[in-house]
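Engineer: Pasting a structure below so you can have a look.
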Amino acid sequence: MDNEVILAGKLIEIIEGSRKNALRKVNEELIRMYWLVGEYLSVESKNAAFGDKYIDAIAKEIRDVFPGIKGFNRRGLYRMKQFYELYKDNPTVSPLVTQISWTNHCKR
């Protein structure tokens, strides 16, 4: 009986560790996406002829293509743009930004 508990305990550790690693990887990919979206918006908004309406138009297009998606409204897109612009010129920080959760970046 004790042996079964020890085996199940090890399996629980394996499962918990894998779940934590998976969540870390998902967070890393989300932040990488936010970085790339922010970079795109930063570069393109400099070339946009219609100023603030540019991000509104992008938000509408994303909403039309992905109706249930969250976080890609005007406010979310501006945050992604600011996120990129805040870290882009720091060669030490920019490779590390994916290791910090998105909510930590948004508190600035």
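Computed from the coordinates by the stated procedures, all read-outs in this text should not be read as laboratory data. Computed from a predicted structure; not experimentally measured. Note that we place each Cβ from the backbone using ideal geometry, even for glycine, and neighbour counts take in every protein chain shown.
Engineer: What does the net charge come to around R32 if you take all other residues with beta carbon closer than 11 Å to its beta carbon, with K and R at +1 and D and E at -1?
Structural biologist: Result for the local shell: -2.
Engineer: Per 5 Å bin, what is the whole-percent P(r) computed from every C-alpha pair distance within segment 20-88?
Structural biologist: The distribution over segment 20-88 is 3, 17, 23, 25, 17, 9, 3, 2, 0, given as percents.
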